[in-house]
1. Could you check how many residues of the range 152-169 are in contact (Cβ under 8 Å) with a residue 12 or more places away in the chain and surrounded by fewer than 18 Cβ atoms within 10 Å (Cβ to Cβ)?
2. Can you give me the ranges of the helices (runs of 4 or more DSSP H) entirely in the range 183-239 with at least 1 residues that are within 16 Å of ligand 1 (Cβ to nearest atom) and crowded, with 19+ Cβ neighbours inside 10 Å?
3. Got a sec? Which of ASP141, ASP124 is more than 16 Å from ligand 2 (Cβ to nearest atom), acidic (Asp, Glu), modelled with pLDDT of 95 or more and surrounded by fewer than 18 Cβ atoms within 10 Å (Cβ to Cβ)?
4. Looking only at strands (runs of 3 or more DSSP E) that fall completely inside the range 332-406, which ones have 3 or more residues that are farther than 21 Å from ILE307 by Cα?
5. For the range 158-172, does any single residue satisfy the condition of being farther than 23 Å from LEU77 by Cβ, under 23 Å from the mean Cα position of the chain (by Cα) and either within 16 Å of ligand 1 (Cβ to nearest atom) or at pLDDT below 95 (or both)?
6. Taking the range 71-92, which residues are in contact (Cβ under 8 Å) with a residue 60 or more places away in the chain, of a type in the set (Phe, Trp, Tyr) and part of a loop (DSSP other than H, G, I, E, B)?
Amino acid sequence: MLWLIVSAVAVLCLPPVPALNNGLARTPPMGWLHWERFTCETDCVRNPTTCISEQLFMQMADMMVSNGWLQAGYKYLCIDDCWLAAQRDENYRLQADPDRFPGGIKKLADYVHARGLLLGIYQDVGKQTCAGYPGSQGFYDVDAQTFADWGVDLLKFDGCNYGTLEQLEDGYRHMSIALNRTGRNIVYSCEWPFYARRLTKVNYTEVAEYCNSWRNFDDIQDSWASVKYLMDFTASLQDELVDAAGPGGWNDPDMLVIGNFGLSWEQEVTQMALWSIMAAPLLMSNDLRDINPRSKALLQNQEVIAINQDPLGAQGYRLLQVIDFEVWEKPLAGGSLAVSVTNRQEIGGARQFILLRGILWKGLACKDKCYLTQLLPTRHDYGGFNATFFIQLSVNPSGTVLLRVD
Ligand SMILES: *[C@@H]1O[C@H](CO)[C@@H](O)[C@H](O)[C@H]1NC(C)=O
Ligand SMILES: *[C@@H]1O[C@H](CO)[C@@H](O)[C@H](O)[C@H]1NC(C)=O
């Protein structure tokens, strides 16, 4: 089968919007975040190995160093909701739950830093966090200073219980300025567009001026349905989202759930390939103490990570959909290109897709002398090709073939 595709999408090539000028997140942040896998488990009597506690983070820190994660680029170890005590202290400063974090966050930050990692923490722009702990509203300056004093390196700032749209937006701006005023380098990860989009048209130019990354959509779940949903949503908004992304500011389709329970091997490949194409933050949420070797190798694949971390910082986009295939591409530095082909049919076996050189990005530097490498699901060198080249790919249901053109 050969299709003639006359025109694909208009290629998006506006100059990138200016990003938050704090020198951070020049490539998408990489690390580990507890939420999807460990949620809000606070019962350390019944669940001593999976409850949200300093022990969990110390063990993950050890795993990140000893099992090659840090070396592969995953350097932020991030705490999500449910780390807080129910009350602020007598000086209105936040405090960690004393039973689950007896050493406090400063000591945990020291432990993490001593291993060459960075520590991320969680708070909320509203009166309470999503799980009902004290939020930052009314305390932005004091909380930013507390995080800086503790040695925190990244803040995930959620948007539950925010009040009015104006309070939500002012809160996100205020915290950005408060973090800057501390003088400490703290990556600022927002959920501003996700909450604001229900009430207004999001101004991504402004979001990118205040945040290093921003969530647009619901929390990921450990399922193929959720991965598909995030791909579809991102593609549906790509005219807005792609131009907003670049060094210093990234759209965040949420955590990598590779290595958990819900995705088949093909679907894990699809998430890794597409999150790389989308220039998404690569924040895994899985149990690094118990992860199968194939998932681990996928998450640590250096050539795939290089697509995500490419210094050009362009977010990829869906180029076309045809008979239940979708093709995405991501321009890379030096006129190279990443291309993914996903088989969205969920019945039968592998299907063949014919990829034509002619439909790909016109900015390709190689013109008549390109070199094609398949990175996923397995590595394969296709060698050189010219402007009329086409290639037949075999793609399994819900799987993806990821290619690189140089
Ligand atoms: C604070 O903002 C200024 C101006 O944008 C920037 O030059 C500086 O690097 C920022 N500092 C921190 C710690 O984020
Ligand atoms: C979006 O925000 C930018 C930067 O803050 C501003 O210059 C622009 O006017 C805003 N656009 C709209 C449509 O409000």
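1. Looking only at that region, the number is 5.
2. Working: elements: 192-196, 204-210, 224-236.
Qualifying helices (runs of 4 or more DSSP H): 204-210.
3. Values: ASP124 fails: surrounded by fewer than 18 Cβ atoms within 10 Å (Cβ to Cβ).
Answer to the check: ASP141.
4. Numbers: elements: 336-343, 351-356, 370-376, 380-385, 390-395, 400-405.
Filter on the range 332-406 gives 351-356, 390-395.
5. For the range 158-172, residues farther than 23 Å from LEU77 by Cβ, under 23 Å from the mean Cα position of the chain (by Cα) and either within 16 Å of ligand 1 (Cβ to nearest atom) or at pLDDT below 95 (or both): present.
6. Initial filter on the range 71-92 (in contact (Cβ under 8 Å) with a residue 60 or more places away in the chain): 72-74, 76, 78, 80-81.
Now restrict to residues that are of a type in the set (Phe, Trp, Tyr): 74, 76.
TYR74 - this is the single residue of the range 71-92 that is in contact (Cβ under 8 Å) with a residue 60 or more places away in the chain, of a type in the set (Phe, Trp, Tyr) and part of a loop (DSSP other than H, G, I, E, B).
The values are calculated or read from the model by the stated rules, or taken from the named source; none is laboratory data. None of the values given here were measured: they were computed from a predicted structure. Using ideal geometry, Cβ is built from the backbone for each residue, glycine included, and neighbour counts are taken over all protein chains shown.
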